[in-house]
Amino acid sequence: MHELPKQRPDGAPYPVQLDDAELHRSLEPLAFHVLRQAGTEPPYSGEYENTETEGVYHCRACDAELFRSDAKFHSGCGWPSFYAPTENDAVVLLVDHLLGYPRTEVRCQSCGSHLGHVFHGEGYPTPTDQRWCINSVCLRLEPKSAG
């Protein structure tokens, strides 16, 4: 099991310090495993993989705003894909070697929860040439208000 650091790469603590025992009680087991133990949900299983609902995606652990639906696209990879987070400081990027090669891990900048990975240069027709591959169980969609 992969334990998440309690601080950002620059050594500063994450602004929202979560109690893992409380999260373990309040989240579904898969959500806790992905968010707090850097797991991955099975591909094509998440509730937001194919949704086209307009709105804002928040961190399921701390409710920080992470992504907006206007940056979401269908990549066919099995997980929700975005081409950018909402703000430059919405996420923290780290290098992980869990699979034996370097990947860019995406974490919530507010609480440090694992969200997924970002990939570059895959040729998707997006403004950033990036695919932010994010686990659905890490997200909570706040639908855009009608009107």
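Key figures for this structure:
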{"read-out": "Residue within region 92-106 that is surrounded by 13 or more Cβ atoms within 10 Å (Cβ to Cβ) and outside any strand (DSSP E or B) present", "value": "no"}
{"read-out": "Inter-residue pairs, beta-carbon under 6 Å, first more than 17 Å from S75 (Cβ to Cβ) and in region 119-147, second in a helix (DSSP H, G or I), 6+ apart", "value": "V137/L30; V137/A31; V137/V34"}
{"read-out": "Residue in region 86-106 that is more than 23 Å from R8 (Cα to Cα) and of a type in the set (D, E) present", "value": "no"}
{"read-out": "Residue list for region 45-61, restricted to those being assigned to a loop (DSSP other than H, G, I, E, B) and within 16 Å of S26 (Cβ to Cβ)", "value": "R60, A61"}
{"read-out": "Selected residue [closer than 11 Å to I134 by Cα, hydroxyl-bearing (S, T, Y) and either in contact with a Leu (Cβ under 7 Å, 6 or more places away or on another chain) or in contact (Cβ under 8 Å) with a residue 40 or more places away in the chain (or both)] from S75, S81", "value": "S81"}
{"read-out": "Selection from region 1-21 of residues that are assigned to a loop (DSSP other than H, G, I, E, B), among the small types (G, A, S) and at negative phi", "value": "A12"}
{"read-out": "Of all residues making up region 62-72, the number that are in contact (Cβ under 8 Å) with a residue 40 or more places away in the chain and either out of contact with any strand residue (DSSP E or B) (no Cβ under 8 Å at 6 or more places or on another chain) or part of a loop (DSSP other than H, G, I, E, B) (or both)", "value": "3"}
{"read-out": "Qualifying residue in region 13-29 (condition: among the hydrophobic types (A, V, I, L, M, F, W, C), touching a strand residue (DSSP E or B) at 6+ places or on another chain (Cβ under 8 Å) and buried (at least 17 other Cβ atoms within 10 Å of the Cβ))", "value": "no"}
{"read-out": "Whichever residue in region 63-72 is of a type outside the set (A, V, I, L, M) and more than 14 Å from T128 (Cα to Cα) and, among such residues, is surrounded by the fewest Cβ atoms within 10 Å (Cβ to Cβ)", "value": "D63"}
{"read-out": "Whichever residue in region 91-147 is among the basic types (K, R) and farther than 17 Å from E49 by Cβ and, among such residues, is nearest to the chain's Cα centre (by Cα)", "value": "R107"}
{"read-out": "Residue list for region 113-147, restricted to those being part of a loop (DSSP other than H, G, I, E, B), surrounded by 14 or more Cβ atoms within 10 Å (Cβ to Cβ) and either hydrophobic (A, V, I, L, M, F, W, C) or modelled with pLDDT under 95 (or both)", "value": "Y124, T126"}
{"read-out": "Cβ pairs under 8 Å, 6+ apart, first in region 22-34 and assigned to a loop (DSSP other than H, G, I, E, B), second β-branched (V, I, T) and buried (at least 17 other Cβ atoms within 10 Å of the Cβ)", "value": "E28/V137"}
{"read-out": "Output for region 35-61, where each listed residue is without any contact (Cβ under 8 Å) to a residue 60 or more places away in the chain and among the acidic types (D, E)", "value": "E52"}
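The values are calculated or read from the model by the stated rules, or taken from the named source; none is laboratory data. Only a predicted model underlies this, so the values are computations on that prediction, with no experimental measurement involved. Please note: Cβ atoms are built from the backbone with ideal geometry, for glycine as well, and neighbour counts cover all protein chains shown.
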